[in-house]
Structures are given as structure tokens and as C-alpha cells.
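Read through the structure below, which is laid out as C-alpha cells, and then see the notes.
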Protein chains: 2
Amino acid sequence: MSLLVIGTVAFDAIETPFGKTDKIVGGAATFIGLSASYFTHDINLVSVVGDDFPSDAIEMMKNRGINTEGLQIKQGEKTFFWSGKYHNDMNSRDTLETQLNVLATFDPTIPEKYQDCEFLMLGNLAPSVQHQVLDRLKNRPKLVVLDTMNFWMDIALPELTSLLKRVDVLTINDEEARQLSGEYSLVKASQKILAMGPKYLIIKKGEHGALLFNKDQVFFAPALPLEDVFDPTGAGDSFAGGFIGYIASTKDISFDNLKRAVIFGSAMASFSVEKFGTERIQNLNSKEVDARVKQFIDLVQFDISLV
Amino acid sequence: MSLLVIGTVAFDAIETPFGKTDKIVGGAATFIGLSASYFTHDINLVSVVGDDFPSDAIEMMKNRGINTEGLQIKQGEKTFFWSGKYHNDMNSRDTLETQLNVLATFDPTIPEKYQDCEFLMLGNLAPSVQHQVLDRLKNRPKLVVLDTMNFWMDIALPELTSLLKRVDVLTINDEEARQLSGEYSLVKASQKILAMGPKYLIIKKGEHGALLFNKDQVFFAPALPLEDVFDPTGAGDSFAGGFIGYIASTKDISFDNLKRAVIFGSAMASFSVEKFGTERIQNLNSKEVDARVKQFIDLVQFDISLV
């Protein structure tokens, strides 16, 4: 019944046209877990931090129903750190600094309690580590979702390619879909990528929404038009968390339910960008989530009867 | 009951990554009229060409139900000519040549028969000419739709600004919305532009769809994900034609019907880009249009019941 989430738990330092932060809590698994916690309360985290990681951040995750038994705390070591600066259009960013720290030697341990997980979210990490997680699960989960990025396409393409054969859903952005497929048209790219293994492909287009493909169908979810995008960091992970959290709560992996999950994921991403880091998605309530989903319904709903 | 369409009837020479054309028939009013002709058969055209314009192209328009009484044919003069080259991403283009020819002295004449028009589409032209058309109509139409472009914002902003107070719907692209409003966020841009006069604003985002705003509501229509975009020329005009044609056929200017009209407009734009020039939108049938609209419904339709 449970959801297993693997990914980074990290420090970020972020600069946007709206301001900058010191080291704040971030990381793919943090955003995924928090976002999923609005839909399901049986979330198991596998990740690693150093002893510099604040215990109150771990408490905050526990309070949102995230089991942190699989979060390794390495004494005498430092937490993964990333800092970046967004350009004025908020669609592109420069990485200012990356300190792998504990991530350099991350050896994911799956606690026995986690072994019965039905849903697995492989957050962005080295494909070799994502492979290890799959190797260490005794039973294959009902649905495996993989997030990755261009960096791994550049330096670990063979591991990534073999990983694609082991997952059900791949989530990447439009540029990554073009890089992975060698096709500019996203329709052509989707067909090539689906032929590499995954049954479903989600192409995230940032402020331009997201596309869900299987071999025969396509679904498009818009992004909510926002007055301001304050900080895009973690938007993709918040999307993934809402997506897999909704699926874990409904236990339905039909295309129609995946469409709904894409809408819930888009809603969570739209919250995430409203404040720095995880601030917005750690302090929501279900009324706010429902109201946001209602906005998505109103945004695209129309009524045409063809005779 | 009728629809009045003003705009250019022209020659285009187009170069895309897929090929290039010699002089072919184009122009805003040509695309608008042809696209609208799938929805309404009472279309009145006001435009100007030279005596080099082929009579069979005029026949083709007549055969699609377009009244060309208001199309001036200037003896001894040449038709407006534009040539352009699209970049590889198809989202940007360079103008290679513009010959105004007959357009330089265009003085729009409204035949008496056209005076009772209920719906007016002001295709992209100098704002001073668009003003003249409104001045020369005895009664204000029920709905006036204005299309314009960045060029007029650069060289004729005062005329354009006063024109905005006389129209109901403005259609522009995202970059133009940003230029006109001075706001990067399209939500903020929309509110500033609506305060300039129009009741409705449509922001066209090319392959990323279109947004319809009024002061309180927003609607988003996706673009259809296509394997290839063959030639984007006329996509915006085909959109406008489908939009105003659908409204003219239904005579309903509620926000809900404008949403439907945006979907029909998007469907017509998706046809337009599949072949060079007007080739695709002059040879459709209503079954094809309905099937395309069905694809839009399937693309965005989802079913979420919030308790």
C-alpha cells in the first residue's frame, strides 16, 4: 500500500529576480515527499544527509507523515549542497555551486518495513543508484516512476538507457525529451522514448504545462497562469510528488487516473513556485489543494457537443 | 447576421526548414475568411489587390462563400508582397522583403450591403485603416475583434491605443502582450491591457496554446501537439477566422461561447500549419473540422470530482 520515495535531501541557496536565500532545506525527495503527503500518509523515504542537517527539518517531514527510517545521517559529513541563480525569465538558471558531500558515496539502504511498497518514485539521482534501489527491492512495485535530468544523459547514458527498461513512467522536461530522443517534435520524441521502455512519458514544459503520453494517447495539462513565479526550484519534484501521491492514494494506474494525477501534480507545482524552497508546500491544507485543483478545472473546461 | 472581415489579401514567399515556395496567395483576410467559411456562409471581405492577383484565387474565395464585392482591384498596381524565412524552431522568423504596393494607399470602402454586419474582424493592418473601417460603419457591430502586431506598437502606438477603446476583443501574441503592457507576467499583462479598453484579450502562444482573459476569468486552450509544423504563416489568422466564424454562426458572445470559439480557432490554426500557405484550410470538410475539435476535447478532458 505504501509509497517509497528515493532522492536527495539537501541544502539549496537560491537567487531569483525576487530575492535570494541562505542555505535552505531542499532536495528532490524533500519536495516529492512533502507534496505527496497531501494525498497519502504512508510515505517511506530513502536518502542521505550529513550531521549538519537540522533535526527540526526531519521532524517537519515526520509531522507530515513521512517515515524517515531510511534517511541515513552520516556523522562527520556534510549534506549535499546546490546553489543556483535564475535568469529574469525564470525558465533558465545557472548552477553556481554543487557540493556532492554525502551524495558522493550514497549507498541506498531499504529498511525491511519498506519492502512491501506498491508505488516507487525514483527522484533525480545517479542512474546507478536508482538501479541499486530496484535491485534491492524483493518485489517489483506496481508502478515505478523515474525522474532524471540532462546531466545524466550527458555522463551516464548507458546506465540511464538500461534503467528506462525497468520503469513504468518517465518524467523529464521538453529539452531533455529532445536530447534523449534526438527529435525536435515532442510528438516524435515521445514515440521514440516510449520505445526505449517506459509505458508512460510525462514531458514537463514549465510555465507551458505538461504532456502525458502512452503509445496511443496524449493528455495535456496546463500550468496555472500565475501573477509571479517566485522560485521555480522544486517545481518538477512537487509535480512528481502530487502525481505519485495521488496515484498511491487511489491505487488506480489506468490512463484516466494518470490524467487526474497529472492535474494534481500540476496543482502542487503551482503552489511550490509561489515561495522560496519548500515553504509553500509544507504549509498547505486540503481545502487549499482542492481550491487550486478547481482552478485547473475552470481553466480548461469547455463544453462542445459535436453532432 | 453577417461577418465583415478586413485585412490584407497578399502574395507570400515562404522558406521553412521543410522547403520554400514561390509567390503564393496569402494575407490576413484570406486566411481569416477561408477559416471562418467552415462556420458561416455570410462573410463580407474588404481588402485591396493589384491587377497581378490571380482571378482563380478570388473565385476560390467566392466558392467558399466569401463575398468579394469589397475587394478593390487596382489596375496597373501590384499586390502587397511579403517574404520570410522561419528559423529551425519555427517560433521565430526573419522578414526578407516587404513590398507594400497597393497597401500603401489603401482606402477601405464598405459596400452598402455590408453595412448591417453584426460581427467585425479587423485583421492586422495599420491602426489608422482599422479606425477608418469603424468610422465608416453606420452601426457599431455586436462584436469587434482586433488583431494587430508589434510593428504597429513600435510605429503607431497612439493610434493603436485609441483603437483599443473601440474594440471588444484583442488578439495578440505573448511577446506583443508583454510589449504593450510592459509586464512580463501574462496575468499582469492581461489586466493592464484589459484596462486599456477591450473586454476580452486573447494571448496566442503558438505551440504553447492560447489564453482568453476577461477581467475576472481566464481560459486556456492548448495547441495540438503535432508531429511537424510545416509552415506557421497564417496560423494566427486561421485562429482568428475560426474564432470569429464560430461566434458569427452561434451569435452568442457569452464567455462560455468565447471559450468554445477559442477551441474552434485553435483547431483551424492546427490545420493551417500542416501545409504551405492556405493549401490546407481551403480544402477541408466539416467532418475533418469536427474530428480535429474532438482531438482537442480528448487532449484536455479529465474527470475530477472534488467532494
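Just so it is clear, none of the values below were taken in a lab; they were calculated from the coordinates. Worth saying up front: this structure is predicted, and the values here are computed from it rather than measured. Using ideal geometry, Cβ is built from the backbone for each residue, glycine included, and neighbour counts are taken over all protein chains shown.
As an exercise, find the ratio Rg/Rh for the range B:1-49 from alpha-carbon atoms, using the Kirkwood inverse-distance average for Rh. Provide the component values of the computation, followed by the final result.
Numbers: Rg = 13.0 Å, Rh = 11.9 Å.
With Rg and the Kirkwood Rh in hand, the quotient comes to 1.09.
Quick one: Cα centre-to-centre distance for the range A:164-213 and the range B:21-49, in angstrom?
What the calculation gives is 38 Å, centre to centre.
Counting only pairs 8 or more places apart or on different chains, how many lysine pairs in the range A:12-111 have C-alpha atoms closer than 23 Å?
Values: A:LYS20/A:LYS78; A:LYS20/A:LYS85; A:LYS23/A:LYS62; A:LYS23/A:LYS74; A:LYS23/A:LYS78; A:LYS23/A:LYS85; A:LYS62/A:LYS74; A:LYS62/A:LYS78.
Taking the range A:12-111 as the scope, the lysine pair count is 8.
With an 8 Å cut-off on Cα pairs and a minimum separation of 6 or more residues, tell me the relative contact order of chain A in percent. Could you put the intermediate results ahead of the total?
Numbers: 655 pairs, mean separation 54.5, N = 307.
For chain A, the relative contact order is 18 percent.
Along each of the three principal axes of the Cα atoms of the range A:97-217, give the extent in whole Å, ordering the values from largest to smallest.
Computed over the Cα atoms, the extents are 43, 37, 28 Å.
Using the Cα centre of the range A:3-300 as the reference point, and only Cβ charges (+1 on K/R, -1 on D/E), how large is the resulting charge dipole? Debye, rounded to the nearest 20.
On the way: 30 positive and 39 negative charges, 178 e Å.
That gives the range A:3-300 a dipole magnitude of about 860 debye.
Whole number please: convex hull volume per residue of the Cα set in the range B:107-147, in Å³?
Details: hull volume 2.5 nm³, N = 41.
Enclosed volume per residue, from the Cα hull, is 61 Å³.
Can you tell me the mean projection area, over all orientations, of the convex hull of the protein assembly as shown's alpha carbons? Units nm², please. Walk me through the intermediate numbers first.
Numbers: hull surface 109.6 nm².
Approximately 27.4 nm², given one-decimal rounding.
Nm distances between the label at A:ASN91 and the same-position labels in the remaining copies, 7 Å along Cα→Cβ, shortest first?
Distances to the matching label points in the other copies: 0.3 nm.
Scaled to the compact-protein estimate 2.2 N^0.38 Å, what is the alpha-carbon radius of gyration of the range A:76-118, rounded to two decimal places? Walk me through the intermediate numbers first.
Numbers: Rg = 16.6 Å, N = 43, 2.2 N^0.38 = 9.2 Å.
Its radius of gyration relative to the 2.2 N^0.38 Å reference: 1.80.
Output, in nm with one decimal and in ascending order, the distances from the B:GLN75 label point to the matching label points of the other copies (7 Å from Cα along Cα-to-Cβ).
Result for B:GLN75, in nm, nearest copy first: 10.2.
What average count of beta carbons from other chains do you get within 10 Å of the Cβ of residues in B:293-306?
Per residue, the average neighbour count from other chains is 6.
What does the convex hull of the alpha-carbon atoms of chain B project to on average, in nm²?
Mean projected area of the Cα convex hull: 15.8 nm².
Determine the shape class of the range B:130-198: with a ≥ b ≥ c the square roots of the Cα gyration tensor eigenvalues, call it rounded for a/c under 1.5, and otherwise prolate if a/b is greater than b/c, oblate otherwise. Numbers along the way, then the final one.
Working: a/c = 2.48, a/b = 1.68, b/c = 1.48.
Prolate.
With a ≥ b ≥ c the root eigenvalues of the C-alpha gyration tensor of the range B:1-109, is it rounded (a/c under 1.5), prolate (a/b larger than b/c) or oblate?
Working: a/c = 2.07, a/b = 1.38, b/c = 1.50.
Oblate.
Ordered shortest first, which distances in nm separate the 7 Å Cα→C-beta label point of B:LYS215 from those of the other copies?
Those separations, rounded to one decimal, come out as 5.4 nm.
Go ahead and estimate [θ] at 222 nm for chain B from helices alone: -39,500 (n - 2.57) per DSSP H run with n ≥ 4, summed, over the residue count, rounded to 500.
Numbers: 10 runs with 108 residues, N = 307.
The per-residue figure over chain B is -10500 deg cm²/dmol.
May I ask you to sort B:LEU306, A:LEU163 by Cβ crowding, counting other Cβ atoms within 10 Å and putting the fewest first? Write down the numbers at each step before the final one.
Working: B:LEU306 9, A:LEU163 24.
By the 10 Å Cβ count, ascending, the order reads B:LEU306, A:LEU163.
What is the set of long-range amide H partners of B:GLU69 at a cut-off below 5 Å, with H atoms built 1.01 Å from backbone N?
B:LEU45
For the range B:170-300, what proportion of DSSP beta bridges, expressed in % and rounded to the nearest 5, is antiparallel?
Beta bridges within the range B:170-300, antiparallel portion: roughly 65 percent.
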